[in-house]
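Below you'll find the structure, written out as structure tokens, and then a few comments.
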Amino acid sequence: MGYKIVVVGATGNVGREMLNILDERQFPVDAIEVLASRRSIGTEVSFGDKTLKTKDLDTFDFTGWDMALFAVGSEATKKYAPLAAKAGCVVIDNSSLYRYDPDVPLVVPEVNPEAVLDYSKKNIIANPNCSTAQMVVALKPLHDRARIKRVVVSTYQSVSGAGKDGIDELWDQTKSIYNPVDNKEFNKFTKQIAFNVIPHIDVFMEDGSTKEEWKMVVETKKIIDKDIKVTATCVRVPVFVGHSEAINIEFEDHLDEDEARDILREAPGVMVIDKREDGGYVTPIECVGDFATFISRIRQDSTIDNGLNLWCVSDNLRKGAALNAVQIAETLGQRVLKKG
């Protein structure tokens, strides 16, 4: 016997990816429904070799369904997630709405799988921010060995993190540069994204950081250790899919780069590609469609005691969103619901 699964926001990039991953990982699905807003009702989406038609989220009854994977914005989540949870359906939410709620676990299964046990407080589990998810997968096994004091991270985040509109804007602007008659102004982003980088993701906060940077700080503390100090600079780059991060780590104890490399090779969800030669590292193009978080450029930082640098790349639509949500569903099933 498998699970009765609902995918909310099934017509978006992340929702479609959730369906792909549920199929690829052979998640034990007994029944599945796909939901969307009224303007997208009837849109067809693929689930393995099946074609499903979206139904109206506004009128759907979640009673009797085991889990709902939410891939919609915070406003829609705020309205519909409590209804699903009250009906007994466990919500796995990809928005930022519940991430900082002390009664809602924030889970990356390779890092803190035990946290799913706290789902029952609100019947909701939160999925972290895409840039945080891949970073903590790399940090946790190193933290277990040498205890991390401080992290300095600079991100290189793809336009798909801003949704379909972000992808379209990069595509249209790139074409228009080669066709000056067809000038495409920026709309989704605050400046031209084609052939450019923008050090601004989400809104600015009083201290000068952006909310994306704040998310990485707060979420890392909640997922791994409240005592870790994190400072982030988040940058949008003209890449369609795949987030990259340059991470500098300061530990309490010495950790040799060779030992760090060995630890990461054994870590769940991590793939180390680290050769000190031309092309001996992973770039965003190579990570697209893969489940792993890739680590390259592991080396000592000689400017501080107990410091390491590394390069971290992952498919943000997968580990940063859809894959992590499905892994949460798998973990919840294995540890709590125990079907399939």
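The values are calculated or read from the model by the stated rules, or taken from the named source; none is laboratory data. It should be emphasised that the depicted structure is a prediction, and the values quoted were computed from it without experimental measurement. Here the Cβ is made from the backbone with ideal geometry for all residues, glycine too, and neighbour counts use every protein chain on show. Areas reflect the complete protein model, heavy atoms only, side chains present, ligands, DNA and RNA absent. Shrake-Rupley method; radii C 1.70, N 1.55, O 1.52, S 1.80 Å.
Miscellaneous remarks
- Taking only the alpha carbons of the chain, we obtain Rg and Dmax values of 20.1, 60 Å in that order.
- With R₀ set to 51 Å, the beta-carbon distance separating residue 176 from residue 86 gives a calculated FRET efficiency near 0.60.
- Surface composition of region 241-294: carbon plus sulfur atoms contribute 49% of the solvent-accessible area (1.4 Å probe, protein chains only, all chains present).
- Eigenvalues of the alpha-carbon gyration tensor of region 1-152, scaled by 5 and square-rooted, set the equivalent ellipsoid semi-axes at 29, 17, 15 angstrom, largest first.
- Estimated distance in nm for a label pair at residue 261 and residue 100, the labels positioned 7 Å out from Cα along Cα-to-Cβ: 4.0 nm
- Centre separation in Å (Cα based) which lies between region 118-142 and region 279-320: 18 Å
- Value of D in µm² per second that Stokes-Einstein yields for region 11-52, Kirkwood Rh from Cα pairs, at 4 °C (1.567 mPa s): 119 µm²/s
- Value of D in µm² per second that Stokes-Einstein yields for region 89-145, Kirkwood Rh from Cα pairs, at 4 °C (1.567 mPa s): 111 µm²/s
- Loop-resident sites, region 265-340, for GluC sites (Glu not before Pro), counting at most 13 other Cβ within 10 Å (DSSP): 277
- Stretch gain in nm, segment residue 79-residue 24, where the contour uses 0.36 nm per residue and the Cα spacing is subtracted: 16.8 nm
- Of the trypsin sites (Lys or Arg not before Pro) found in region 210-295, those in coil by DSSP whose Cβ has at most 13 other Cβ atoms within 10 Å are 226, 275, 276.
- Taking all protein chains as shown and a probe of 1.4 angstrom, residue 323 keeps an accessible surface of around 0 Å².
- For region 274-290, 3J(HN,Hα) per residue [Karplus equation, 6.51 cos²θ - 1.76 cosθ + 1.60, θ = phi - 60°, Hz, x = Gly/Pro]: 9, 10, 8, 7, 3, x, x, 8, 9, 10, x, 4, 7, 8, 4, x, 9
- Coarse-grained scattering of region 147-255 at q = 0.10, 0.11, 0.21, 0.22 Å⁻¹, given as base-10 log I(q)/I(0) from a Debye sum over alpha-carbon atoms: -0.36, -0.43, -1.07, -1.14
- Converting the Cα gyration tensor eigenvalues of region 89-198 into ellipsoid dimensions via √(5λ) gives semi-axes, longest first, of 37, 19, 9 Å.
- Under the combined filter of DSSP loop state and at most 14 neighbouring Cβ atoms within 10 Å, region 3-60 retains these trypsin sites (Lys or Arg not before Pro): 25.
- Cross-link table 53/164; 86/140; 4/121; 122/222, entries beyond 24 Å C-alpha to C-alpha: 86/140
- Among 297, 99, the order of accessible area from largest down is 297, 99, computed with a 1.4 Å probe on protein heavy atoms.
- Neighbourhood charge, 12 Å Cβ-Cβ cut-off, centred on residue 57 and excluding it, Lys, Arg +1 and Asp, Glu -1: 0
- Relative contact order for region 30-82, counting Cα pairs under 8 Å that sit 6 or more residues apart, in percent: 28 percent
- Mean separation of Cα pairs under 8 Å and 6 or more residues apart, divided by the residue count, gives region 230-340 a relative contact order of 31 percent.
- Amide H partners (placed H, <5 Å) of residue 230, local residues excluded: 151
- Relative packing of peptides 237-244, 81-88 - highest average C-beta neighbours within 10 Å first: 237-244, 81-88
- Estimated [θ] at 222 nm from DSSP helical runs (n ≥ 4, -39500 (n - 2.57)) normalised by residues in the chain, nearest 500: -8500 deg cm²/dmol
- Percentage relative contact order, the chain, counting C-alpha pairs under 8 Å, at least six apart: 19 percent
- Heavy-atom accessible area per residue - the chain, 1.4 Å, Å²: 46 Å²
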